[in-house]
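The values are calculated or read from the model by the stated rules, or taken from the named source; none is laboratory data. Bear in mind that the values here come from a model prediction, so they are computed numbers and not experimental data. Cβ: placed from backbone, ideal geometry, glycine included. Neighbour counts: every protein chain shown.
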Amino acid sequence: MQFCNRCNIAITGMKKCCPLCEGELTGEPDMEAAAFPVIRSKKRTFPLLLKVAAFIVLVCCIVLCVLMLALPGKQMWAWLTMLILAITWVDLAVGCRYRYNPIHLVSVELLLFILLLYMIDRVTGMHGWSVTWVNPILFPVAVITQFSIGKGLGMYLDEFIIYPACTAVLSLIQIFFFGQNNFPMPAICSMAILAVTGLGFLIFGFHALREALHRALNL
Ligand SMILES: [Zn+2]
């Protein structure tokens, strides 16, 4: 059978070049095989990788549960380890799922990172550092990163504006954490900066934003 490595198809009969791209063929001509192109299937290694990772994470969780039951006292480190293991697995799954979409990948990773730090703060007795300092810094960093990636990859504005716009809106959830925040000034400033940024997107990128929303909502 002859193959076109560029189109990743197998070709029956005896052809001088690929019928799709007119490129060079490799392999020997085969007159008896089926008369249609056979697309070589890609190996699906990622689901297996995720399964193995899930198995390891769950085994670790069982070991940690046994240790928690066996050892006396408060086992905060065990909960923390389980949390980090779980988030690492989600992280891996996100990485596999969006490996061809860097802006989406970075957006989900940053949000997971924000969530992870908040959970660590909670598990370690809620000192409030996550809501006082981490969130107010990371939300603007996320918006700048998303915008830079979109511009850096040469994407059209309507292809990526939805990411920083959603992050700007999402940053308003900091309002709900005022109860756990003894020093809300950074959060207020961060939300104000992102509100101005969001307003900028809305006014100057209105057309792109409308296009993006139409596409996202299938209108
Ligand atoms: Zn070809």
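Are any residues in segment 17-38 within 12 Å of the ligand (Cβ to nearest atom) and either part of a loop (DSSP other than H, G, I, E, B) or modelled with pLDDT under 85 (or both), and if so, which ones? Outline the logic, then answer.
Step one: of segment 17-38, the residues within 12 Å of the ligand (Cβ to nearest atom) are 17-26, 37.
Once the filter is applied, which keeps residues that are within 12 Å of the ligand (Cβ to nearest atom) and either part of a loop (DSSP other than H, G, I, E, B) or modelled with pLDDT under 85 (or both), segment 17-38 yields 17, 18, 19, 20, 21, 22, 23, 24, 25, 37.
Is it true that residue 3 is out of contact with any helix residue (DSSP H, G or I) (no Cβ under 6 Å at 6 or more places or on another chain), within 16 Å of the ligand (Cβ to nearest atom) and either under 30 Å from residue 156 (Cβ atoms) or at pLDDT 85 or above (or both)?
Numbers: out of contact with any helix residue (DSSP H, G or I) (no Cβ under 6 Å at 6 or more places or on another chain): yes; within 16 Å of the ligand (Cβ to nearest atom): yes; either under 30 Å from residue 156 (Cβ atoms) or at pLDDT 85 or above (or both): yes.
Judged against the criteria, residue 3 is a match.
Does segment 152-193 hold any residues that are buried (at least 16 other Cβ atoms within 10 Å of the Cβ) and farther than 25 Å from residue 128 by Cβ, and which are they?
Scanning segment 152-193 gives 157, 158, 159, 160, 161, 162, 163, 164, 165, 166.
Quick one: which of 196, 134 is surrounded by 13 or more Cβ atoms within 10 Å (Cβ to Cβ) and not aromatic (Phe, Trp, Tyr)?
Details: 196 fails: surrounded by 13 or more Cβ atoms within 10 Å (Cβ to Cβ).
Testing whether each residue is surrounded by 13 or more Cβ atoms within 10 Å (Cβ to Cβ) and not aromatic (Phe, Trp, Tyr) leaves just 134.
Can you pull out the residues in segment 119-131 that are in contact with a Ser or Thr (Cβ under 8 Å, 6 or more places away or on another chain) and buried (at least 18 other Cβ atoms within 10 Å of the Cβ)?
The answer is 121, and nothing else.
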